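The values are calculated or read from the model by the stated rules, or taken from the named source; none is laboratory data. Owing to the predicted nature of the structure, the values given are computational and were not obtained by experimental measurement. As a convention, Cβ positions derive from the backbone with ideal geometry for all residues, glycine included, and neighbour counts pool all protein chains shown.
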Amino acid sequence: MHTNLQLTANGKLQHLLTIDGLPRHVILEILDTAKVYINPETHEIQKVPLLSGKTIFNLFFENSTRTRTTFEIAAKRLSADVVNLNINTSSLSKGETLLDTVNNLVAMQASMFVIRHNESGAVHLIAQHIAPHIKVINAGDGRHAHPTQALLDLFTIRHFRSDFTKLRIAIVGDILHSRVARSDILALNTIGVAEVRVIGPNTLLPTNAEQLGVRVFHDMEQGLRDVDVIIILRLQNERMSGSLLPSPQEYFKSYGLTPERLLLANPDALVMHPGPMNRGVEIDSAVADGPNSVILAQVTFGIAVRMAVMSILMRES
Amino acid sequence: MHIKIAKGRVIDPVNNYDAVNDLYICDGKISAIGSPPAGFNPQRLIDASGYVVCPGLIDLSARLREPGYEYKATLESEMCAAVAGGVTSMACPPDTDPVLDEPGLVEMLKHRARTLNQAHVYPIGALTMGLKGQTLTEMAELTDAGCIAFSHADAAFTNNQVLYRAMQYAATFNFTVWLRPQDAHIGSDGVVHDGEIATRLGLPAIPPLSETIALSTIISLARETGVRLHICRLSTASGIKMVNMARHEGMQITCDVSAQHVHLCEQDIGYFNSHFHLAPPLRSITDRDAIRASLANGEIDAICSDHTPVDEDAKLLPFSQSEAGATGLELLLPLSLKWAREMNRNLVDALGLITCSPAKILGIDAGSLNIGKPADLCIFDPELLWRVTPSTLVSQSKNTPFLDMDMQGRVVYTLMEGSVVYETCKGGLP
């Protein structure tokens with residue numbers, strides 16, 4: 001049970017489960033492949049017949065609109081058949097186990113699963129027990145990993161900035177509960193940026209966050225100074241008040257990205273957000289809609305990156 | 001029945017005895033070591049050359065899952081596992097279903113165990129009804145029914161007033177209270193140590209504070225009430241330090257660790273391997289090393305198996321949803337031997353931690369080779385290498401983090417009260 005569950009014996013991509021242990025060249029191959037799907041002039045995404053006759057199941061045990069939709073579009077642009085299943089624990093509450101659910105779908109001639117689950121490690125568990133010819137893509141598991149989000153974030157950064165090695169990147173907000181943050185940090189460090197920072201209050205940072213390979217800041221003004229990219233994380237509603245934070249207003253006061261704070265970063269700094277945004281909680285509308293924001297580009301590029309992952313996985317089979 | 005156990009390396013930790021010698025059993029009791037007693041006429045000869053002959057092992061925590069969880073394990077299956085592991089006495093936590101909070105249940109369990117007649121079962125009664133931390137159990141009645149101590153199993157106390165009263169009451173009758181220290185709130189949704197693995201895998205964490213805060217409360221209450229206290233399955237270096245400070249102050253306090261925690265740490269979890277989901281969680285390397293050192297210098301009194309059979313389905317779940325625990329009765333001996341080898345300790349030291357020392361904690365007359373005592377014996381091959389696989393384990397559940405690992409040392413014979421309750425062919429597995 002190791003990271004290389006996602007790699008074959010000769011280093012090819014078998015599943016995409018986490019950025020952890022994913023070699024740099026595989027990441028670059030995905031980014032390069034994604035670029036091919038985007039028309040350089042119009043930014044339109046081409047339709048190609050690569051996966052025609054294949055069936056891809058979008059298996060979502062946790063609600064999602066954006067991620068599921070972009071996966072669906074990506075699969076359709078590759079000419080695959082797509083089946084969407086939102087399993088709000090209904091069949092699980094009938095006594096069927098997670099692995100039973102998956103095996104039933106395998107019997108329906110699935111070629112690939114795109115899976116989101118609210119438990120860390122759930123997608124690993126499935127990949128570990130699934131028939132070897134079936135591919136699994138992790139579309140987010142608990143607090144653990146969201147590898148395609150990290151890849152599309154890399155793609156977006158690379159699209160606007162040619163050289164990763166000089167970049168300082170700040171990730172702001174609820175690092176503790178964020179699979180996006182974990183995958184972004186791993187991806188940015190694997191690709192080799194100058195510095196990754198995390199900014200947030202102690203209640204939203206994991207113990208010894210430094211061991212993830214980041215510089216930790218509690219002060220937003222200090223953390224944003226001279227950065228080239230700001231990734232703002234979504235603050236989940238249930239965490240806005242209680243024992244982690246007193247109120248969304250107080251959070252915005254300390255950690256909201258405002259136009260004034262944005263001035264502390266480099267003038268052409270990119271502002272990113274994995275969505276969906278809470279305007280006025282983690283980000284001011286003026287910044288979200290401002291010239292530095294590449295948030296909508298992230299969504300478009302997300303389709304191309306997911307196409308790249310799917311096509312590379314199916315090519316290996 | 002007269003049995004001669006010939007030419008074994010006889011080790012009796014309580015008497016610091018270690019010599020190759022013959023051991024004689026008459027009518028279920030150890031009758032002599034060295035030369036045969038008068039009128040000895042062996043009906044059975046056990047050739048123990050190359051083997052170690054020691055007191056039957058005593059396990060301070062073995063869940064036998066009855067009543068209530070027979071789909072995980074049964075008394076029959078786990079008694080077989082016990083004797084296959086050389087264990088002849090075991091204490092059973094009260095977290096069965098129903099909870100061991102009524103004398104009738106305890107009597108039934110004792111009766112079932114006696115009928116099977118393989119190993120001695122010592123039930124630990126629940127300290128509060130249903131382990132809910134509200135109402136005291138009938139401790140005197142439960143003691144009469146066969147309970148040897150009172151514990152709260154894996155249920156944390158939310159109300160310290162009740163814990164205070166429970167200790168006062170237990171102290172009145174000189175009952176021992178066994179507790180595994182864990183805060184009711186800090187880390188209550190956690191599944192792994194609050195360290196590198198929790199951070200990397202995004203799993204909810206249990207900080208060491210959960211143990212030390214509870215321990216501080218427990219020690220304060222025990223100091224006040226004067227109750228005899230046993231701390232179960234310490235997992236942190238700071239917890240060990242606290243227990244030993246209390247001990248130096250003169251308090252009656254003992255402690256144990258699980259065999260898993262002697263060898264494993266959080267990093268061993270790898271990628272969500274639910275076999276490593278244990279309670280308390282596997283801690284940092286520093287904590288594990290403190291456990292290993294404290295076993296050597298006497299700060300920890302005993303190693304237990306913390307035997308917790310879990311059915312396969314309950315482990316085939318995402319890590320947080322999987323059930324904590326590992327099967328351990330058959331690994332208690334090899335894991336203790338492994339500790340001794342790695343820490344350069346002799347067999348007397350290693351075996352003391354799983355025989356006379358736990359016997360003393362339980363307050364039972366076992367764990368020695370004294371003449372006239374019941375012949376509960378473990379005879380093992382200290383060199384034999386074997387691999388932990390589902391087929392080499394007798395326990396109904398095969399859930400252990402040591403699956404597919406090689407162990408050195410394997411039980412060849414187990415005797416309870418002079419009867420051979422387990423044996424393998426020489427040099428082989430059952």
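The rows are residues; the columns are (1) touching a Leu at 6+ places or on another chain (Cβ under 9 Å); (2) within 14 Å of chain B (Cβ to nearest Cβ); (3) more than 29 Å from B:GLY202 (Cβ to Cβ); (4) not in a helix (DSSP H, G or I).
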| position | (1), (2), (3), (4) |
| --- | --- |
| A:ALA9 | no, no, no, yes |
| A:THR18 | yes, yes, no, yes |
| A:GLY21 | yes, yes, no, yes |
| A:HIS25 | no, no, no, no |
| A:GLU29 | yes, no, no, no |
| A:ALA34 | yes, no, no, no |
| A:GLU41 | no, no, yes, yes |
| A:PRO49 | yes, no, yes, yes |
| A:GLY53 | no, no, yes, yes |
Segments classed as helices (runs of 4 or more DSSP H), wholly inside the stretch A:109-216, with at least 1 members that are within 13 Å of another protein chain (Cβ to nearest Cβ) and touching a Pro at 6+ places or on another chain (Cβ under 7 Å): A:122-129, A:179-191
From the list B:GLU312, B:GLU266, B:GLU323, pick out the single residue that is within 14 Å of another protein chain (Cβ to nearest Cβ) and at pLDDT below 95. B:GLU312
Of the residues that sit in the stretch B:278-296 and are of a type in the set (Ser, Thr, Tyr) and in contact with a strand residue (DSSP E or B) (Cβ under 9 Å, 6 or more places away or on another chain), which one is nearest to the other protein chains (Cβ to nearest Cβ)? B:SER284
Please state which one of B:PHE173, B:PHE150 is away from chain A (no Cβ under 14 Å) and either among the β-branched types (Val, Ile, Thr) or surrounded by fewer than 19 Cβ atoms within 10 Å (Cβ to Cβ) (or both). B:PHE173
For A:ASP153, are the conditions met, namely being modelled with pLDDT under 95 and either surrounded by 24 or more Cβ atoms within 10 Å (Cβ to Cβ) or of a type in the set (D, E, K, R) (or both)? no
Tell me, please, whether a residue that is in contact with a Leu (Cβ under 8 Å, 6 or more places away or on another chain) and under 22 Å from A:HIS129 (Cβ atoms) can be found in the stretch B:310-317. yes
All positions within the stretch B:395-420 that are in contact with a Gly (Cβ under 8 Å, 6 or more places away or on another chain), under 20 Å from B:LEU64 (Cβ atoms) and either surrounded by 19 or more Cβ atoms within 10 Å (Cβ to Cβ) or without any contact (Cβ under 8 Å) to a residue 24 or more places away in the chain (or both): B:ASN399, B:THR400, B:VAL411, B:THR414, B:MET416
Test for A:ALA297: is it closer than 30 Å to A:LYS12 by Cα, surrounded by 14 or more Cβ atoms within 10 Å (Cβ to Cβ), among the aliphatic types (A, V, I, L, M) and out of contact with any Lys or Arg (no Cβ under 6 Å at 6 or more places or on another chain): yes
Strands (runs of 3 or more DSSP E) wholly inside the stretch B:323-430 that include at least 3 residues being within 20 Å of the chain's Cα centre (by Cα): B:377-387, B:406-416
Within 21 Å of B:THR308 (Cβ to Cβ), within 12 Å of another protein chain (Cβ to nearest Cβ), touching a Ser or Thr at 6+ places or on another chain (Cβ under 7 Å) and assigned to a helix (DSSP H, G or I): does that describe B:HIS275? yes
Selected residue (only one of B:ALA91, B:ALA155 is closer than 25 Å to B:GLU323 by Cβ, in contact (Cβ under 8 Å) with a residue 12 or more places away in the chain and part of a loop (DSSP other than H, G, I, E, B)): B:ALA155
Could you tell me whether the stretch B:72-81 includes any residue that is free of Cβ contacts under 8 Å to residues at least 60 places away in the same chain, under 29 Å from B:LYS398 (Cβ atoms) and part of a loop (DSSP other than H, G, I, E, B)? no
Scan the helices (runs of 4 or more DSSP H) fully inside the stretch B:160-237 and keep the ones with 3 or more residues being assigned by TED's automatic domain parsing to the domain that holds B:CYS304, touching a residue at least 60 places away in the same chain (Cβ under 8 Å) and within 23 Å of A:GLY121 (Cβ to Cβ). B:196-201
